[in-house]
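Values in this text are rule-based calculations from the coordinates and carry no lab data. Keep in mind that this is a model prediction, so the values were computed, not measured. When we count neighbours, we look across all protein chains shown, and the Cβ atoms used for this are built from the backbone with ideal geometry, even at glycine.
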Ligand code: HEC
Ligand code: HEC
């Protein structure tokens, strides 16, 4: 899995000088910039964000979504002040460290929660244009740079869990390797916003 993180573009990058503090996006070699290819890569990756395995935790409201039809979460579960549930009803009460066996059992993952209310990171209802802009805007990603977003979609356990979703739930449309590769290509070729 870690092999995915070693694209040729990165190794060609000059070592940062001690004073280099510019955002990673600006240090990408201009020669790699290709807006059309960048956009095309994003449009291949986009359906993964819109898939229930990702969108159900990135809802437009404060209620997580459930199932392949993305219906509102049962038991009146809400985001809460830290994304981990409102009042006594905490995500971890039902969502364990690993998937529980059986149909309609809670999927598990250490750290199962929604993004917090100050940084909702909504995917539900976003067009490809809106989503690309959001991912490039650190004020909407919790201060993550584009490089950090790429690492997140390549390695984060909640992201990887989408491909091991538990009984009765479909995985996202691309393989994880292909998804991570398309996101890296999008970023490396200039993170162009679809038109
Ligand atoms: C269990 C809920 C959950 C699932 C499932 C989930 N995420 Fe997330 N996601 C989160 C949380 C929580 C954060 C914020 C994490 C943080 O700040 O450390 C986050 C953050 C992100 C971010 C970074 C910030 C941003 O701007 O959006 C991206 C990108 C992302 N998720 C993509 C995905 C993708 C792609 C999938 C599916 C393959 C997915 N997530 C599935 C909960 C989830
Ligand atoms: C009372 C138990 C309970 C609590 C508390 C709970 N969940 Fe769930 N959750 C479930 C069950 C059970 C399922 C599976 C439902 C099914 O498949 O029919 C589920 C499914 C989900 C799904 C759908 C996963 C997918 O891939 O479709 C998401 C997202 C989710 N929960 C998020 C949360 C979040 C976030 C919290 C805390 C804010 C939370 N849940 C709190 C029991 C709970």
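Between residue 40 and residue 127, residue separation times 0.36 nm minus the direct Cα-Cα distance comes to 29.9 nm. Between the alpha-carbon centers of the stretch 135-173 and the stretch 71-92, tell me the distance in whole angstrom. Answer, in whole Å: 20.
May I ask you to derive the FRET efficiency for residue 93 and residue 139 from their Cβ-Cβ distance with R0 = 30 Å, giving the value to the nearest 0.05? That pair, residue 93 with residue 139, gives E of 0.40.
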